[in-house]
1. Looking only at segment 82-92, decide whether some residue is part of a loop (DSSP other than H, G, I, E, B), away from the ligand (no atom under 16 Å from the Cβ) and open to solvent by 20 Å² or more (accessible area, probe 1.4 Å).
2. What are the pairs with Cβ atoms under 6 angstrom where one residue, in segment 144-169, is touching a residue at least 60 places away in the same chain (Cβ under 8 Å) and in a helix (DSSP H, G or I) and the other, located anywhere, is within 16 Å of the ligand (Cβ to nearest atom) and open to solvent by 30 Å² or more (accessible area, probe 1.4 Å)? Sequence gap at least six, or different chains.
3. Among the residues of segment 291-310, which ones are under 16 Å from Ser127 (Cα atoms) and either in a loop (DSSP other than H, G, I, E, B) or among the polar types (S, T, N, Q) (or both)?
4. Being more than 11 Å from the ligand (Cβ to nearest atom), of a type in the set (Val, Ile, Thr) and in contact with a Ser or Thr (Cβ under 8 Å, 6 or more places away or on another chain) is the filter here; which residues of segment 134-174 pass it?
5. I'd like the residue in segment 105-117 that is touching a strand residue (DSSP E or B) at 6+ places or on another chain (Cβ under 6 Å) and without any contact (Cβ under 8 Å) to a residue 40 or more places away in the chain and, out of all such residues, is surrounded by the most Cβ atoms within 10 Å (Cβ to Cβ).
6. Within segment 238-274, restricting attention to residues that are under 23 Å from Ala213 (Cα atoms) and either within 14 Å of the ligand (Cβ to nearest atom) or crowded, with 23+ Cβ neighbours inside 10 Å (or both), which residue is nearest to the chain's Cα centre (by Cα)?
7. Can you list residue pairs whose Cβ atoms sit under 6 Å apart, with the first residue in segment 271-290 being assigned to a strand (DSSP E or B) and the second being aliphatic (A, V, I, L, M) and at pLDDT 95 or above? Count only pairs 6 or more apart in sequence or on different chains.
8. Between a residue in segment 47-65 that is part of a helix (DSSP H, G or I) and any residue that is among the aromatic types (Phe, Trp, Tyr) and open to solvent by less than 40 Å² (accessible area, probe 1.4 Å), which pairs come within a Cβ distance under 8 Å, given they are 6 or more apart or on different chains?
Amino acid sequence: MTLRKFLPTAFTTAVIALTPLMATSALAAGLTVGFSQIGSESGWRAAETSVSKSEAQKRNITLKIADAQQKQENQIKAIRSFVAQGVDAIFLAPVVATGWDAVLGEAKDAKIPVILLDRDIETSDKSLYLTAVTSDSVHEGAVAGEWLAKQVGDKPCNVVELQGTVGASVATNRKKGFDDAIAKHANIKVIRSQTGDFTRAKGKEVAESFLKAENGGKNICALYAHNDDMAVGAIQAIKEAGLKPGKDILVVSIDAVPDIFKAFMAGEANATVELTPNMAGPAFDALIAYKDKGTAPPKWIQTESKLYTPTDDPQKIYDSKKGLGY
Ligand code: AHR
C-alpha cells in the first residue's frame, strides 16, 4: 500500500504533530514515484536517470522508471500504468511540449501529483502539474549566443546550428535565446539550422551535410549545438573534413557532459552551458514537503545555468562528473 492511500493530508498533519521525533525522511520512506523518462538519447539523459535513482535511494523512495524510447505515446502509456498502479506521484520528462492535457487530467482525477522534470509542457491548465524542475532554457541559448558574440567581436561569423528534438521545449527555447542574443550583432548570422535530435550520431550526420554545403566548412565560423552530444558528433565530422574544431570552427553547446571537457582539453570545443542532471533531488524535496505538510511548491523550481570554457580547469570538472552516470 502506498503512503498516499495510507495517509490522507489531514491525518498526515496530525501524525506529524503527535510524533515530533519522527524524521521527515521516515515519512518520505514508503513513497512510490513513477518516472516517465524520455530515453537515453544523450549522456546528459543517462546521468539524469542515474542521479534520479541515487536521489530516490537517499530518501528511501521507491522509484519506478519507464523508458519511453523517445516516443510520446510510450510516455502516455507509462503515465496511465502509473495511475493504475496508484503511485504516490509521477515525474514526467516530456519529450515534446504539447499533447499532455488528457493524460495529465487522468492523473489529476486520480489525485496523483505530477512533477515535470527538465522540459516544459504547453497547457492552459497549470493545475495539471504540481511544479516543474527545469533550467531557464531560453537563458541557456542566450548565454551561448552572448559568449559567441564576445568571442568574434566585429568579425563576420556564419553559424550552423544543431537543434534538439523537434517540438521539445528546450529545443524551441535554446533556439530562441541564441537568436535573440545574436540579433544584436549584425555580423553574426545563422546560415543553417537543422535538428540532430539530441544524439551524437545524428549530430555528426547533420554536421557532415552542413560542411559539404558550405565549401567543406570554410564558410562556417561557429557551430552551436543544443547539446554537447551533438557537438561531439559534429567535432568528429569537422575533423574528418580536414578542419580543426575549436579553431577553424568554434564550438559552443549546452549540458556540460564529461566528454565536452575532454574536447576542451584537446582544444576542440570552446564553451558549454551546464545543465544539472539532478532534477529529481529538488523534485523529491518538493514532493515530500507537499505530502507531509501540504506545502505547495512554486510552479517553477529553476536550476542553475553556468557557462564553462577551457579556462575553467576542465580536468577537474571532468573528474568530478565522470562517476555520475553520463
Ligand atoms: O531536456 C534536456 C535535454 O535533453 C538535454 O540538454 C539533452 O542532452 C537531453 O537529451
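The values are calculated or read from the model by the stated rules, or taken from the named source; none is laboratory data. These figures come from a predicted structure and were not determined experimentally. Here the Cβ is made from the backbone with ideal geometry for all residues, glycine too, and neighbour counts use every protein chain on show. To get the accessible areas, we keep the full protein, side chains included, count just its heavy atoms, and leave off ligands, DNA and RNA. Shrake-Rupley method; radii C 1.70, N 1.55, O 1.52, S 1.80 Å.
1. no
2. Ser169/Asp120
3. Within segment 291-310, Gly294, Thr295, Ala296, Pro297, Pro298, Lys299 meet the criteria.
4. The answer is Val143, Val160, Val166.
5. Applying the filter and picking the extreme gives Leu116.
6. Of everything passing the filter in segment 238-274, Ser253 is nearest to the chain's Cα centre (by Cα).
7. Close Cβ pairs satisfying both conditions: Ala271/Val252; Thr272/Ala256; Thr272/Ile260; Val273/Val143; Val273/Ala144; Val273/Ile254; Val273/Leu307; Glu274/Ala256.
8. From segment 47-65, the pairs are Ser52/Phe35; Ser52/Phe91; Glu55/Phe284; Ala56/Phe284.
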